[in-house]
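The values are calculated or read from the model by the stated rules, or taken from the named source; none is laboratory data. Here the structure is a predicted model, which is why all the values come from computation and not from measurement. Cβ placement follows ideal geometry from the backbone for every residue including glycine, while neighbour counts extend to all protein chains displayed. For accessibility, only protein heavy atoms count, side chains too; no ligands or nucleic acids. Shrake-Rupley method; radii C 1.70, N 1.55, O 1.52, S 1.80 Å.
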Amino acid sequence: MSEAAAPHLDRKLGLWQTSSLNMINMVGIGPFVVIPVVMGIMQGQNVLLPWIVGAVIAVLDSLIWAELGSKYPHAGGSYNFLRMSYSANGLGRFMSFLLIWQTMIQAPLVIASGAIGFSQYLTYLIPLSSIAQKGVSGLVVIALTFLLYRKIDEVGKISVTLWIGVIGTMIWLILGGVTHFNSTLYHQSTSMPPTFTILFFGALGHASVQTIYCYLGYYNVCQVGGEVKSPEKIIPKSIFISVIVIGALYLLLNVCVLGVIPVDVAVQSNFIVSKFVEIIYGSTAAKTVTLLILWIAFASLFSVMLGYSRVLFAAAKDGNFFKIFASIHPEKHFPHISLLALGAVAFVFSLLFKLKEVIIAIMAMRILVQFVGQSIGLILLHLNEPKSAFPFRMKLFPLPVIASIIFWMLVFFSTGTSFILSGLASIALGITVFVIREKVLGNRAAKIP
C-alpha cells in the first residue's frame, strides 16, 4: 500500500473544535464534587484562594504546553514532548516510557473516576444501590467508546454539541446565583481572614490538590495534535482560551454558591449544585440541573478518553508500546485498537474503585514525570535549540517555567505521605521495568533517541 493510501490521521480539527475538547475535558464532574470538599478543608478561611491557586498553576503550565504543543504537533502530547526534549542527553526513550508506564494505570483511573462520579450524582434523581451504581459506571464507559469509534471530524462535531451543554449549564448556574445573590451571606462565609500559619498553608495545599484536578484538561488539544489544522497557531490559542474561560467560570460559580448557600450547609452536601438550584428555583429545576451536570460529566469523559487513546497510539507507533496499539482504522482513520483497549480497562476500573480513592492518587502519579518532567524538558530544549525553532514562545522565559515547577512540587507534597510514596513507587517500578525491558529487547525496539 502506498504511503498516500495507507491509513493515517486526518488534520480536520479547527480552533472551535479543539477549544471545545479542552473545555469539556476540564469541566467534568470534578468541580461539582470538589466545591464542598474545598470549603470543608479551608473552614471559612478564604475558600476562593485554592481556586485562584489552581488557576495560577494552570496559566503557568499552559504556557509550557503551548510551546511544546506548537513545536511538536503530533498525536500523543506529553509522550512526544518528553521523548524529544530529553533526546539530546539520551533520556528521551526512558522518560517517554515512564509516561506510558504511568498512563497505563492512571488513564483508565481518570476515566473510571468520571464514570463513578457520574453514577454517584445520578443517585440525586434515582436511588441506586452500590451495585447498580457500578453498573451505571460501566455503561457510561461503553457509551463513550461507541461515540468515539468514528472519524475525527465527526468526533469534533460531537464535541461542539457537548460543549454547548457544558457552557450553557455553567452560565445558567452563574446567572441564577447573580440574580439571587445574598451579599450578607457571602461576607459571612468569607469574612474569616487567613491566619498564615503552617496549618493554613497545609490546608491551602491540600485544597489546591483538589482544585487543580478540576482545571486539568486545558492541554487535551496536544494529545490530538496530529489531527489539528494549522497546529502551530491553533494549539496555543485553544489552550489559552480554555484556561481563561473555565477559570473565570469556576471563580464566578464559587462566588455564587457562597452567596446562596451557607458554608456549613454546603460542606454537608453531596449534591452542592443541585442544592444550589433547589434553593433558587425549586426541586424541579434542581432535577433539571442534575441532568445537565450528568451531561457535563459525560462530555468531559468523552474528551479525556479521546486524548488518552492517542497517547497509547503514539507510543506504539514509536515502538515503545505494544505494536497493535499503533493500528489505524482503514476507513475511519483513528487508532481503534488503542481506544477499545483503553475502554476495556476503564470499564473494569469503574467497577472496582471508589471516587475518593482515585482523585489524589491521579495527581500524585502524574506530577513528577508529566508536569515537572516536561517543564524541565522545555528548559533543555531552549538550551539546545535556537529561538526560531519555537513557533510559540512565552514571555519572560524561564521564569514562568521555574514558577510552574515550584507550584507543582508544592502540590505533590500536599497530596500526603501515602500518595507521595505511591507516586514514587510507581516511578521506581517503571524504572525497573524499563531496565529489564531494555536488557531483554536490546536494540530491537524502535530506535528512539
hydroxyl-bearing (Ser, Thr, Tyr) and part of a helix (DSSP H, G or I) - does that describe any residue in the stretch 104-116? yes
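Going by what's in this entry, would residue 216 be described as buried (at least 19 other Cβ atoms within 10 Å of the Cβ), closer than 18 Å to residue 251 by Cα, in contact (Cβ under 8 Å) with a residue 24 or more places away in the chain and more than 19 Å from the chain's Cα centre (by Cα)?
Working: buried (at least 19 other Cβ atoms within 10 Å of the Cβ): yes; closer than 18 Å to residue 251 by Cα: yes; in contact (Cβ under 8 Å) with a residue 24 or more places away in the chain: yes; more than 19 Å from the chain's Cα centre (by Cα): no.
Spelling it out, it is not the case that residue 216 is buried (at least 19 other Cβ atoms within 10 Å of the Cβ), closer than 18 Å to residue 251 by Cα, in contact (Cβ under 8 Å) with a residue 24 or more places away in the chain and more than 19 Å from the chain's Cα centre (by Cα).
Inspect all residues belonging to the stretch 294-316 and state whether any of them is in a helix (DSSP H, G or I) and under 18 Å from residue 177 (Cβ atoms).
yes
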Residues in the stretch 391-416 that are open to solvent by 70 Å² or more (accessible area, probe 1.4 Å) and touching a Pro at 6+ places or on another chain (Cβ under 9 Å): how many? 1
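How many residues does the stretch 120-158 contain that are under 24 Å from residue 285 (Cβ atoms) and free of Cβ contacts under 8 Å to residues at least 60 places away in the same chain?
The first filter runs over the stretch 120-158 and keeps only residues under 24 Å from residue 285 (Cβ atoms), leaving 120-128, 136.
Adding the requirement that they be free of Cβ contacts under 8 Å to residues at least 60 places away in the same chain leaves 123, 126-128, 136.
Here the count works out to 5.
Looking only at the stretch 45-74, count every residue that is assigned to a helix (DSSP H, G or I) and open to solvent by less than 10 Å² (accessible area, probe 1.4 Å) and tell me the total.
Quick first cut of the stretch 45-74, residues assigned to a helix (DSSP H, G or I) only: 49-71.
From what is left, the residues that are open to solvent by less than 10 Å² (accessible area, probe 1.4 Å) are 50-51, 54, 57-58, 61-62, 64-70.
Adding up the residues that qualify gives 14.
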Output the residues belonging to the stretch 222-243 that are within 17 Å of the chain's Cα centre (by Cα), at pLDDT 95 or above and aliphatic (A, V, I, L, M). 235, 239, 241, 243
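For (1) small (Gly, Ala, Ser); (2) out of contact with any Ser or Thr (no Cβ under 6 Å at 6 or more places or on another chain); (3) under 24 Å from residue 115 (Cα atoms), each residue gets a yes or a no:
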{"residue": "211", "(1), (2), (3)": "no, yes, yes"}
{"residue": "224", "(1), (2), (3)": "no, yes, yes"}
{"residue": "230", "(1), (2), (3)": "yes, yes, no"}
{"residue": "260", "(1), (2), (3)": "no, yes, no"}
{"residue": "295", "(1), (2), (3)": "no, yes, yes"}
Selected residue (criterion: most open to solvent (accessible area, probe 1.4 Å)) from residues of the stretch 256-277 that are farther than 23 Å from residue 295 by Cβ and assigned to a helix (DSSP H, G or I): 264
Filter the stretch 278-303 for residues that are of a type in the set (Gly, Ala, Ser) and more than 15 Å from residue 34 (Cα to Cα); which is most open to solvent (accessible area, probe 1.4 Å)? 283
Tell me, which helices (runs of 4 or more DSSP H) wholly within the stretch 120-200 include 1 or more residues that are within 20 Å of the chain's Cα centre (by Cα) and surrounded by 14 or more Cβ atoms within 10 Å (Cβ to Cβ)? 130-148, 152-179
Conditions (1) of a type outside the set (Val, Ile, Thr); (2) more than 22 Å from the chain's Cα centre (by Cα); (3) farther than 19 Å from residue 81 by Cα; number of the one not met by residue 397: (3)
